[in-house]
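Have a look at the structure below, then the notes.
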């Protein structure tokens, strides 16, 4: 299973002012890092999952679903999730995953890879890790270059914090044979759909603004689709 990045219906191009949103704003995407986790495929009607074992402080081994880190600008980073299926002939009916990190692992320093230090989420906002960093440059209402950093993670609410992760389940179209599964991520859809986002209103970022993050996460329900690689 692979993850492919698209914007405005075409394969993603970074650092190029080739995109425009519903407000007529021209923009480019400069960075994209994110976590997807809880990957599972439904094979012949049964769910096949991937997990890792972690020893808790009490010494007990517990199973957690492994989070995968993706970076569209890092050509050396593998973006393939491999499942081993015992059956010689099988059908994949559905794909399921979580946008974000499992609650048990979304705590400071739980992920040991040093490159993930840049993904830390401020402890004052709940701690743990960013679910996604999607950074844009755009031409603002004064025709100047400005920044919109779409950083998603835990949200601040009246009685504490909210996790802001969500589960995606996608049916797979049946075909006779394929070489793999492709999860397609249409980045422009984070800012369209039920809640169009005007970049001009959020040049100071959205971290800590649960109202805006919630709207973008609602849009995120339409971001992902799945196909077969022939």
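The values are calculated or read from the model by the stated rules, or taken from the named source; none is laboratory data. This structure is a prediction, so every number in the text was calculated from the model and none was measured. Here the Cβ is made from the backbone with ideal geometry for all residues, glycine too, and neighbour counts use every protein chain on show.
Kindly evaluate residue 116 against the criterion of being outside any loop (DSSP other than H, G, I, E, B), out of contact with any strand residue (DSSP E or B) (no Cβ under 6 Å at 6 or more places or on another chain), modelled with pLDDT of 85 or more and within 16 Å of residue 35 (Cβ to Cβ). Answer is yes for this residue.
Quick one: is residue 24 surrounded by fewer than 16 Cβ atoms within 10 Å (Cβ to Cβ) and either in contact (Cβ under 8 Å) with a residue 24 or more places away in the chain or under 27 Å from residue 172 (Cβ atoms) (or both)? I'd like the intermediate steps shown before the answer.
Working: surrounded by fewer than 16 Cβ atoms within 10 Å (Cβ to Cβ): yes; either in contact (Cβ under 8 Å) with a residue 24 or more places away in the chain or under 27 Å from residue 172 (Cβ atoms) (or both): no.
Answer is no for this residue.
The residues of region 194-214 that are surrounded by fewer than 19 Cβ atoms within 10 Å (Cβ to Cβ) and within 15 Å of the chain's Cα centre (by Cα) amount to a single one, 214. Criterion applied to 157, 168 was being closer than 20 Å to residue 218 by Cα, in contact (Cβ under 8 Å) with a residue 40 or more places away in the chain and surrounded by fewer than 15 Cβ atoms within 10 Å (Cβ to Cβ), and the one residue passing it is 157. For region 1-21, the set of residues classified as exposed (fewer than 14 other Cβ atoms within 10 Å of the Cβ) and touching a helix residue (DSSP H, G or I) at 6+ places or on another chain (Cβ under 7 Å) is empty.
Hand me the list of strands (runs of 3 or more DSSP E) wholly inside region 119-177 holding 2 or more residues that are closer than 25 Å to residue 13 by Cα.
Details: elements: 132-139, 145-152, 155-157, 160-162, 166-171.
Ranges flagged: 132-139, 145-152.
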